[in-house]
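See below for the structure under consideration.
The values are calculated or read from the model by the stated rules, or taken from the named source; none is laboratory data. Keep in mind that this is a model prediction, so the values were computed, not measured. Cβ atoms come from the backbone with ideal geometry, glycine included; neighbour counts cover every protein chain shown. Remember, those area values only see protein heavy atoms, side chains included, never the ligands or the DNA or RNA. Shrake-Rupley method; radii C 1.70, N 1.55, O 1.52, S 1.80 Å.
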Amino acid sequence: MNVPGQGAPGNKQLLEKYLTLAQPDDQIMAEYVWIDGTGEGIRSKCRTLDFEPKKPEDCPIWNFDGSSTYQAEGSNSDMYLYPCALFKDPFRGGKNMLVLCEVYKYNKKPAETNRRKTCNEVMKQAAASVPWFGIEQEYTLLDYDGHPFGWPKNGFPGPQGPYYCGVGSNKVYGRDIVEAHYRACLYAGVKISGCNAEVMPAQWEFQVGPCEGIDMGDHLWIARYILHRVAEDFGVIVTLDPKPMEGDWNGAGAHCNYSTKQMREPGGIKAIEDAIEKLSKHHVRHIKAYDPREGKDNERRLTGRHETSSIHDFSAGVANRGASIRIPRQVAEDQNGYLEDRRPASNCDPYSVTEVLVRTTILSE
């Protein structure tokens, strides 16, 4: 897939020669991963540990240059990485780890884009309700020139219709990347639960969950990191832009499936309806929490067309993909289960999404 002169430079077969070299038993490579100052970019750097960490707290706090990640001024640039979740490293294998981190400033206060801290506090307050989440992460593959992967360079593919869950080289583009990402996530310990080709060609989706509480954000951020790394190997770009192509093409979202213990129990439809009533009163707050630019990105996507609701209106319905909140038909029949919030943008911060859902529906804030 990587064309000479295009895409990622390097020789992957040559690299494999070095990756198969024996690694000392008492030395592991720990890749520290964090969210940068844009609220959607991911950064990482590696260090050697002389032990195998069993929990995040085993890993040392580290630092980085925040002036190069939109998080600090050059005159006071040190930022701190606090390990908060561990995953196996699917790129290096062995005992090597991916270390997800929270970012703190020089004064030990959380960075502006460290939304995990308050999310975790809220999840602890709501623990008795056992909130479960599943997020459907849509994304689009691009060539290095920014054109959707596999699209004609001087035109457009045929209209939407045959691409969703499609099969065949004239219907789906980039399946190798999707398969590699899925397997890498399983190896890492990410709770990935599925994938499919989406409505726009070169657009795909993977699902993470069900995850309880803070795990939703942790697992989705690492799944995104792995996706970018896999695409890097294939010389392709991943974009989480909510509307990568203007015109009669579907945008990209991160639909959030959500339930509490009460919703999942017999007769839980009443708790689902109560939650929807609460959500209807806080539509603007949720829209602001559902993309990094407080609704500006989602405004291009939530138009009331292409399986979306209008960004200006709140709506709910059974099996209605044009509503803000969809109650799956099976849930309506079973009278218990979960609701689907279809408003989050593909580039949302899952910590912000899950936090505001819990604040509104459980804590009634």
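The set of residues in segment 276-289 being surrounded by 20 or more Cβ atoms within 10 Å (Cβ to Cβ) and either part of a loop (DSSP other than H, G, I, E, B) or in contact with a Phe, Trp or Tyr (Cβ under 8 Å, 6 or more places away or on another chain) (or both) consists of LEU279 alone. When GLY267 is tested against (1) under 19 Å from TYR164 (Cα atoms); (2) of a type in the set (Gly, Ala, Ser); (3) surrounded by fewer than 23 Cβ atoms within 10 Å (Cβ to Cβ), exactly one condition is not met: (1). State whether the residues of segment 292-307 include one that is more than 19 Å from the chain's Cα centre (by Cα) and either of a type in the set (S, T, N, Q) or farther than 20 Å from ASN347 by Cα (or both). Checked segment 292-307: at least one residue is more than 19 Å from the chain's Cα centre (by Cα) and either of a type in the set (S, T, N, Q) or farther than 20 Å from ASN347 by Cα (or both). The set of residues in segment 156-186 that are assigned to a helix (DSSP H, G or I), open to solvent by 30 Å² or more (accessible area, probe 1.4 Å) and either in contact with an Asp or Glu (Cβ under 6 Å, 6 or more places away or on another chain) or hydrophobic (A, V, I, L, M, F, W, C) (or both) comprises ALA180, LEU186. Taken across segment 79-98, residues that are open to solvent by 60 Å² or more (accessible area, probe 1.4 Å), out of contact with any Pro (no Cβ under 6 Å at 6 or more places or on another chain) and within 16 Å of SER352 (Cα to Cα) do not occur at all.
Tell me which residues, restricted to segment 43-59, are crowded, with 18+ Cβ neighbours inside 10 Å and under 22 Å from ASP241 (Cβ atoms). Within segment 43-59, ARG43 is the sole residue that qualifies.
Provide a single number: the residues in segment 109-121 that are assigned to a helix (DSSP H, G or I) and within 24 Å of GLY41 (Cβ to Cβ). Going through segment 109-121 one residue at a time, the tally reaches 5.
For segment 290-322, residues that are in a loop (DSSP other than H, G, I, E, B), among the acidic types (Asp, Glu) and open to solvent by 40 Å² or more (accessible area, probe 1.4 Å) total 3. For ALA231, the conditions (1) within 17 Å of ARG326 (Cα to Cα); (2) touching a residue at least 60 places away in the same chain (Cβ under 8 Å); (3) open to solvent by less than 20 Å² (accessible area, probe 1.4 Å) all hold with the exception of (1).
Scan LYS153, LYS191, LYS124, LYS108 and give me the residue that is of a type in the set (Lys, Arg), at pLDDT 95 or above and surrounded by fewer than 18 Cβ atoms within 10 Å (Cβ to Cβ). Walk me through how you get there before you give the answer.
Details: LYS153 fails: at pLDDT 95 or above; LYS191 fails: surrounded by fewer than 18 Cβ atoms within 10 Å (Cβ to Cβ); LYS108 fails: at pLDDT 95 or above.
Within the list LYS153, LYS191, LYS124, LYS108, the selection yields LYS124.
Of all residues in segment 130-150, those satisfying the criterion of being open to solvent by 30 Å² or more (accessible area, probe 1.4 Å), of a type in the set (Phe, Trp, Tyr) and at pLDDT 95 or above are TRP132, PHE149.
Contact map, segment 212-226: residues that are part of a loop (DSSP other than H, G, I, E, B) paired with residues that are open to solvent by 10 Å² or more (accessible area, probe 1.4 Å) and among the acidic types (Asp, Glu), Cβ distance under 9 Å, separation 6+ or inter-chain. No pairs are found.
Within segment 60-71, is there a residue that is surrounded by fewer than 20 Cβ atoms within 10 Å (Cβ to Cβ), farther than 30 Å from GLN203 by Cα and among the aromatic types (Phe, Trp, Tyr)? Yes, segment 60-71 contains a residue that is surrounded by fewer than 20 Cβ atoms within 10 Å (Cβ to Cβ), farther than 30 Å from GLN203 by Cα and among the aromatic types (Phe, Trp, Tyr).
Would you check if ILE214 is open to solvent by 10 Å² or more (accessible area, probe 1.4 Å), among the β-branched types (Val, Ile, Thr) and closer than 15 Å to GLU138 by Cα? It is false that ILE214 is open to solvent by 10 Å² or more (accessible area, probe 1.4 Å), among the β-branched types (Val, Ile, Thr) and closer than 15 Å to GLU138 by Cα.
Scanning segment 40-58 for residues that are of a type in the set (Ser, Thr, Tyr) and over 24 Å from the mean Cα position of the chain (by Cα) returns a single hit, THR48.
Of the residues ASN347, ASN257, only one is at pLDDT 95 or above, buried (at least 19 other Cβ atoms within 10 Å of the Cβ) and either outside any loop (DSSP other than H, G, I, E, B) or more than 23 Å from the chain's Cα centre (by Cα) (or both); which? Write out each step before concluding.
Details: ASN347 fails: either outside any loop (DSSP other than H, G, I, E, B) or more than 23 Å from the chain's Cα centre (by Cα) (or both).
None of the others qualify; the one that does is ASN257.
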